[in-house]
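Structure first, commentary second.
The values are calculated or read from the model by the stated rules, or taken from the named source; none is laboratory data. Since the structure is predicted, the reported quantities are computational estimates derived from the model, not experimental observations. No Cβ is skipped: glycine too gets one built from the backbone with ideal geometry, and neighbour counts run over all protein chains shown. Just the protein is used for accessible areas: all its heavy atoms, side chains included, with ligands, DNA and RNA removed. Shrake-Rupley method; radii C 1.70, N 1.55, O 1.52, S 1.80 Å.
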Amino acid sequence: MALSYCTDLTVAEQRLLLVIARSSICTGPGDYEAGGPGVDGLTPALREKRAVFVTLTQSARLRGCIGTIEPVAALASAVADSAHSAAYRDPRFPEMRIGELEKTAIEISVLTAKEPLAASNRKALLAELRPGVDGLLLEDGRHRSTFLPKVWEQLPDVQEFLGQLLAKAGLPADHWSPSLRLHRYQAVTFGDDS
């Protein structure tokens, strides 16, 4: 298991979160109780409300990714719920079969608080974005989408990153509007290589 150092989580806490994620997937699609195993007896860091995404990959290909931008649950519970949802409720993929789990790598991204970006135009926004560092949430009316900082690995050009994020939200790649709301955040990401 290859773990990276997370500034506010110990390696032991990271390992435990990966075990919680894998265990929640093992319950199968129908027998899972929201919130996972509960947070009694866990460290304060794992009981703190945090926004989190869980990404599942097989042979380096996306198999599911679900999470929350807002901190709505204790970190351990958020990881359990997101892992289970990534395996069984990501609308882009069929439900995971239990036999797939052994060839599935789990990656957990713990998000920082969102910071509003007050860019008055597209050029100003592009100048503010930090490739490889910032995740971006955009909202315009009923359109909403986000890219985790990890997406910079596939889309290193800021123009393409923004264009693809707008397209993901169902907007034209060159869209700009006074009603566009933008927030950036960072993520600490760790995972296994099973």
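Using the Karplus relation 6.51 cos²θ - 1.76 cosθ + 1.60 with θ = phi - 60°, the per-residue 3J(HN,Hα) values for region 89-96 come to 10, 6, x, 7, 9, x, 3, 5 Hz, with x marking Gly and Pro. By the rule of a C-alpha distance below 26 Å, with chain neighbours fewer than 8 residues away ignored, the lysines paired with Lys103 are Lys150. Among Gln154, Gln14, Gln164, the residue with the largest mean-square fluctuation in a Gaussian network model of the chain, with springs joining Cα atoms closer than 10 Å, is Gln154. Charged side chains reduced to their Cβ positions (Lys and Arg at +1, Asp and Glu at -1) give the chain a dipole of some 360 debye around its Cα centre. Using the 1.4 Å probe convention, the accessible area of region 44-194 works out to 48 Å² per residue with neighbouring protein chains retained. Since only Pro172, Tyr185, Ser85 are under comparison, the one whose Cα sits farthest along the positive direction of the charge dipole of region 39-194, derived from C-beta charges on Lys, Arg, Asp and Glu, is Pro172. For region 126-194 and region 52-109, what is the centre-to-centre distance using only Cα atoms, to the nearest Å? Region 126-194 and region 52-109 have Cα centres spaced 19 Å from each other.
The calculated pair-distance distribution of region 1-122 uses every alpha carbon pair, bins of 10 angstrom beginning at 0, and gives 13, 45, 30, 9, 2 percent. Put a plus charge on the Cβ of each Lys and Arg, a minus charge on the Cβ of each Asp and Glu, and nothing anywhere else: the dipole of region 35-142 about its Cα centre is then about 260 debye.
With the charge dipole of region 119-194 set up from +1 on Lys and Arg Cβ and -1 on Asp and Glu Cβ about the Cα centre, the Cα lying farthest toward the positive end among the listed residues Ala119, Thr146, Leu136 is that of Ala119.
In order along region 10-24, the Karplus-derived 3J(HN,Hα) couplings, from 6.51 cos²θ - 1.76 cosθ + 1.60 at θ = phi - 60°, round to 6, 4, 5, 5, 4, 4, 5, 4, 5, 5, 4, 4, 5, 5, 5 Hz, and Gly and Pro are given as x.
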